[in-house]
Amino acid sequence: KNQVEQSPQSLIILEGKNCTLQCNYTVSPFSNLRWYKQDTGRGPVSLTIMTFSENTKSNGRYTATLDADTKQSSLHITASQLSDSASYICVVPFGSQGNLIFGKGTKLSVKP
Amino acid sequence: NAGVTQTPKFQVLKTGQSMTLQCAQDMNHNSMYWYRQDPGMGLRLIYYSASEGTTDKGEVPNGYNVSRLNKREFSLRLESAAPSQTSVYFCASSERAHQPQHFGDGTRLSIL
């Protein structure tokens, strides 16, 4: 069964600290993996897209990694800010239309 | 820079009432999507339109109908609302299938 699982479900960190969010997927065939950020009351916004051949990709303080062999991805946030408080969703497309399978998300709270 | 616009933002209905959720995008995208987001679950695809003039069922289509009015607009209709349809509904669009999706900020729908 095609699935995307994320951990932890929620996370609280202090401002300025780093954190890493995990995503495991069983989608096949695999083409790419996407990380979205969803602020409370808003729609998801794309952070990065990792293709099969990419191992690491950075977007400012966000760094995503992909291991296609173990079907795992991580999102590392460096020097967290209060504005990083949000849900982070791992998404993998499947099928001929590229429809998306969404993980349940990790809810990150950054405290001052 | 409107992107994807959804109306209304909030709505309360009584069981059995009907309603149409509106979505419009100004990015000249070919593909449009309707999702629902429920607590503790990932976003789930209700219906999608790969291109103007076509619509297809997603994962959870029962109780819904859609209309791709033109290239810009994609509406979602609840003919006879049920409490199980209480959710946050997101519309998204992409240049074509398999391309990154851009989301609206959602319609929060409560059915009593």
Based on DSSP, what percent of beta bridges with both residues in chain B are antiparallel, to the nearest 5? 90
Whole angstrom only: what separates the Cα centroid of the stretch A:92-111 from the Cα centroid of the stretch A:1-39? 7
Take chain A, compute every pairwise Cα distance, and split them into 10 Å bins from 0; I just need the percent in each bin. 15, 49, 29, 6, 0
Report the label-to-label distance for residue A:107 and residue B:57 in nanometres (one decimal), using points 7 Å from each Cα along the Cα→Cβ vector. 3.3
Within chain A, what percent of beta bridges assigned by DSSP are antiparallel, to the nearest 5? 90
Under a point spin-label approximation (7 Å from Cα along Cα-to-Cβ), what is the residue A:45-residue B:82 distance to one decimal in nm? 3.7
Using Cα pairs closer than 8 Å and at least 6 residues apart in sequence, work out the relative contact order for chain B, in percent. 36
How would B:44, A:61, B:36 line up from fewest to most surrounding beta-carbon atoms within 10 angstrom? A:61, B:44, B:36
Here are some pairs, A:1/B:71; A:17/B:9; A:1/A:107; A:37/B:57; A:107/B:71; which of them have Cα atoms lying more than 32 Å apart in this structure? A:1/B:71; A:17/B:9; A:107/B:71
Please list the radius of gyration and Dmax for the stretch B:27-112, considering alpha-carbon atoms only, with Å as the unit. 12.5, 37
How much FRET efficiency would the formula 1/(1 + (r/R0)^6) give for residue B:73 and residue B:14, where r is the Cβ-Cβ distance and R0 is 35 Å, rounded to 0.05? 0.85
Residue A:12-residue A:52 pseudo-label distance in nm [points 7 Å out on the Cα-to-Cβ vector]: 4.3
Where nothing but the Cβ of Lys and Arg (+1) and of Asp and Glu (-1) is charged, how large is the charge dipole of the stretch A:10-104 around its Cα centre, in debye to the nearest 20? 140
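Taken together, the values in this text are just the output of simple stated rules run on the coordinates, not laboratory data. Quantities reported herein were computed from a predicted structural model and do not represent experimental measurements. Positions of Cβ are generated from backbone atoms using ideal geometry, with glycine treated the same way; all protein chains shown enter the neighbour counts.
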